[in-house]
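Novice: Sharing a structure here in structure tokens format.
The values are calculated or read from the model by the stated rules, or taken from the named source; none is laboratory data. Owing to the predicted nature of the structure, the values given are computational and were not obtained by experimental measurement. Using ideal geometry, Cβ is built from the backbone for each residue, glycine included, and neighbour counts are taken over all protein chains shown.
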Amino acid sequence: MGMKAILTTIALFLTATFAFAEKEGWTTDLEAAFTKAEKEKKSVLVEFTGSDWCPPCKMMAKNVFTKKEFIEKAGEDFILVELDFPNGDKELKKKNEPYAEKYKIEGFPTVILFDSKGKEYERFFASAHPTVEKFLSHIQSAKK
């Protein structure tokens, strides 16, 4: 493999990595999440966020959603899905717009919990539970 081929491969890898940068432990594919949830008998947690413009969204990402403890614990019972509406990525915002309309999202960061069949059973503003402990406690009690 020549140097040009190696550099091309690296460039393609980096492009793919950043074009679909998902938070560790999260997916951005809601349909795949529902399929996986049904197979694994888990619920689905969907966070609707404005990652580059919404202060409460940024706070939740920093303090809860990117924390290893949260991802591991929540991941035991939930498939985690992030649907982002960033002002800096018009394509991603447009791709996720039908979901905001379908689920009548009125503010960010909204979290919706669905059962393994895709039926909504809880909806709340994530920022109402601003720590890993509070958030985990809320989603566990909602699940029962």
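Novice: Over 13 Å from the mean Cα position of the chain (by Cα), within 19 Å of residue 31 (Cβ to Cβ) and either modelled with pLDDT under 95 or polar (S, T, N, Q) (or both) - does that describe any residue in segment 94-116?
Specialist: Yes: segment 94-116 contains one or more residues that are over 13 Å from the mean Cα position of the chain (by Cα), within 19 Å of residue 31 (Cβ to Cβ) and either modelled with pLDDT under 95 or polar (S, T, N, Q) (or both).
Novice: Answer yes or no as to whether residue 82 is among the charged types (D, E, K, R), under 16 Å from the mean Cα position of the chain (by Cα) and closer than 18 Å to residue 37 by Cβ. It would help to see each step written out before you state the result.
Specialist: Working: among the charged types (D, E, K, R): yes; under 16 Å from the mean Cα position of the chain (by Cα): yes; closer than 18 Å to residue 37 by Cβ: yes.
Criteria met by residue 82.
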